[in-house]
Amino acid sequence: MNKPDFFKRSALTSTLWAFRREFVVVGVFSMVANVLMLTPTLYMLQVYDRVLTSQSELTLLAVSLVTLFLLGVMAFAEWMRSRVLVASGVRLDAKLGTQVFNASFEAHLSQAGGNPSGAFNDLLQIRQFLTGNGIFAFFDAPWTPVYMVVLYLLHPWLGVMGVVFALFQAALAWFGHRRTVAPSEAAAKAAADEGFFLQSKLRNAEVLESMGMVGNLQARWGQRHRLALDRNGAAQHVSHRVMAASKFIRYAQQSLSLGAGALLVIDGQLSPGGMIAANVLMTRALAPIDLLVSTWRQFIGMRLAFVRLEQLLVDFPAREVPCKGAEPIGAMVLRDVCASAPGRANPILRHLDLDVPAGTVMAILGPSGSGKSTLARVMVGIWPDVTGQVLLDGAPIAGWNREELGPHIGYLPQDIELFEGTIAENIARFGDVNSEQVIRATQSAGLHDMILRFPKGYDTPIGEAGNMLSGGQRQRIGLARAMYGNPKLVVLDEPNANLDDAGETALYAAIGELKAQGKSVFLITHRPGAVQVADRIVVLQDGQVQLDGPRDAVVAAIKNAAQGMAGAGPAPMSGAAPMPA
C-alpha cells in the first residue's frame, strides 16, 4: 500500500488547496463578524454608563440605531461565510465525485480489502464538516486573544480570569482529543465492518433462507453489532464526560466573571456597564473553544474519513488516458504470464505462453481451479496482479484506452452481472441505445422472441442485479450484451452453464456467426458440444498449459489419455485430475 507523501499533495489535498481563496474569503468574513461581535458589549457600556446617567433619549436612539446597523452587517457576514462554505462543499463534491467513483471502481476491480464503496460516505462526511458548525470554530478561535485583550482593557483581573478559563477549556480539549481518538476510531471501524458484513450477506438472502443459514449468520452479525455498540458506547462515554466538564467550566465562568465584576464595581474599579459587558464578552471569547470541544468528535470522524479517502486516491490514482489508436482486430499474445490473487501464496496462472491469431475460436478446458476464469479476466485486462506480457494486436492491453477498447470487447463472466434498468439498457451497456444493434444482438443470442413476450418488451425493467429474471434469461441477456455492437474479441466464461437445449443451440449458432465474421472468440466450457465449434483447444492444469493445438488433435489426445487411465485401473495419474471430455 502506498503512503501519502507529506511533501507531495495527493489528489484530495490538491483539490482542497484549490479552494484556498474561498477559505481566505471565509476568513475575511469571519474577521468582520468577530469584530462586530464586540457591538453588544460596547452597546451595554454606552447604555449603562452614558445613557442612564445622562437620561438622554436621543443618545439612546442614536446608539441603538448604530448598534442595529452593525448587527445587520455582522449577520450579513455570518450568512456570507456560510454561503461560501456551502458552495465550496458542493464544488468539492463535484470535483472529487468522479475521482472517488473511479478509485472505488478500481479498488473493487483489484479485489482490494476493506469497503471501497464507503468512500462516498467519507466524502459526504468531509463535505458536511466543511459546511457545518465545526469549521466555524476554527475560524473563530483565533479571535479569542482579541477578546482577551478587550477584557484586559476593561480591567486586568478580568483579562487574567479570561485567560485562566481559556486555558482550562484548551486543556479539556487536549484531554478530550487524547481520550476520544482511539475509541472513536475503533467505533467507526466496528460500525463500518458491521455494515459491510450485513450488506454483503443480504445479497444472498434467498440462499440464506432456503438452507436455514439465517440464524447462523444472525449470530455472527450479532457479535459484530454488539462490538460496534460497545465501542460506540465507550466513545460516547468519554465524549459526554468531556462535554459535561466543558459545560461546568462554561457556567462557572459566567457566574464567576459576573461575581468578579461585581467585586470590582464595589471597589469602584469598574462601572456597572463594564461588569455586564465583561460577562458577555468573556462568554463570547470562550465560545469558539467550547464549540471545538463539543464538535471534536465530528472533527475526528472527518479526519478519519480524510485519511481513508486520501489513501484510496493515492492507491488508485486517475488513469492516464492513452492516445487514440486504431480499432483492434483481436490478435492475442500471452508471454510468460503469471497471475496471482490477494492472500494466495502460489500463482493461479504460471508462465503461460499463447499466440492466438485474429479470427480464431479457441476453447479453453480444464478441471475446476485450473485457472480458466482467471485466464479469461487476464485476456480482457481486468485481472489486477499480472506479470509477463498480455498483448492485444501487439500492444499491452493495459495501455489501451478502456473507453475506446470496451466497445470492441465482448465479455460474459461466469457470474452474470446485470444492473438495474431495462433489458435494452443492459444489452446496450448503458450507452445510447441503438435499437437495430440491440435487436441484432438478441437475435444472435436467440433471445429476441422471448423478450417480445415480456409485457414491456425491451423496456422491461429487470430489477437490481437482474433479480426478476431466471438464471438462463440472465445468461442469454449477458450473451447478447457481449455481442452488442461490433466486438472484435469475445470471451465467454461458461456461457452454457444455465442454458437449456434451445439456449445452447442458440449459443453455438452465435459462436458460429462470430466465427464467420472473423472475430476472435475464447470459449471456456466443460461441455463437449461446445468444443465442436472451436478451431483450437487449450487444456489447463494447475495454472499451466497441458495441451494446446488444433481441435481434432487435442480431442484425440484427451480420448487417448482417458482410455489409458481406464486401462490402468482405478489408480490415479500422478496427482493430476482427469481431463474433461
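Computed quantities for the displayed model
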| read-out | value |
| --- | --- |
| Estimated FRET transfer efficiency (R335, T13; beta-carbon r; R0 41 Å; 0.05) | 0.55 |
| Nearest-20 debye value, segment 11-315 charge dipole, Cβ charges on Lys, Arg, Asp, Glu | 380 |
| Computed over segment 11-315: relative contact order in percent, which uses C-alpha pairs under 8 Å that are six or more apart | 31 |
| Tensor-based shape of segment 11-315 (alpha-carbon gyration tensor, a/c under 1.5 rounded, otherwise prolate or oblate) | prolate |
| Near-label residues of segment 425-445 by backbone N, under 13 Å of a point 7 Å along Cα→Cβ of N486 | 437 |
| Low-density loop cleavage sites - trypsin sites (Lys or Arg not before Pro) in segment 372-431, where at most 16 other Cβ are within 10 Å (DSSP) | R429 |
| For percent of Cα pairs over 34 Å apart, calculated from these coordinates, the label among (1) 60; (2) 54; (3) 48 | (1) |
| Between 0 and 90°, nearest 10: helix 272-294 axis offset from the chain longest Cα axis | 10 |
| Antiparallel DSSP beta bridges within the chain, as percent of all bridges there, nearest 5 | 55 |
| Percentage relative contact order, the chain, counting C-alpha pairs under 8 Å, at least six apart | 15 |
| Lysine-lysine proximity count for the chain, Cα under 26 Å, sequence distance 8 or more or distinct chains | 14 |
| Dipole of the chain [Lys/Arg +1, Asp/Glu -1 at C-beta], most positive-end residue of A190, V539, A358 | A190 |
| Trypsin sites (Lys or Arg not before Pro) within segment 251-322: DSSP coil, no more than 12 neighbouring Cβ in 10 Å | R319 |
| R429-S64 pseudo-label distance in nm [points 7 Å out on the Cα-to-Cβ vector] | 7.4 |
| Rounded FRET efficiency, nearest 0.05, which uses the C-beta distance separating A94 from Y152 and R0 of 45 Å | 0.45 |
| Point-charge dipole on Cβ atoms (K/R +1, D/E -1) for the chain, about Cα centre, debye to 20 | 1300 |
| Crossing angle, helix 296-315 versus the chain [Cα axis fit, 0-90 degrees, rounded to tens] | 30 |
| Given charges at Cβ of Lys, Arg, Asp, Glu: segment 11-315 dipole, positive-most of L65, A87, L309 | L309 |
| Calculated [θ] (222 nm, deg cm²/dmol) that DSSP helices of n ≥ 4 give over the chain, each run adding -39,500 (n - 2.57) | -20000 deg cm²/dmol |
| Charge dipole magnitude, Cβ of K and R +1, D and E -1 - segment 23-122, Cα centre, debye nearest 20 | 160 |
| Given the chain, longest segment not containing exposed loop chymotrypsin sites (Phe, Trp or Tyr not before Pro) (DSSP; at most 13 other Cβ within 10 Å) | 8-418 |
| Cα long-axis angle, helix 57-109 against the chain (0 to 90 degrees, to the nearest 10) | 20 |
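FYI, it's all coordinate maths here, none of it is from the lab. Treat the numbers as computed from the prediction; the structure is a model and nothing was measured. All Cβ positions, even for glycine, are placed from backbone atoms using ideal geometry, and neighbour counts span all protein chains on display.
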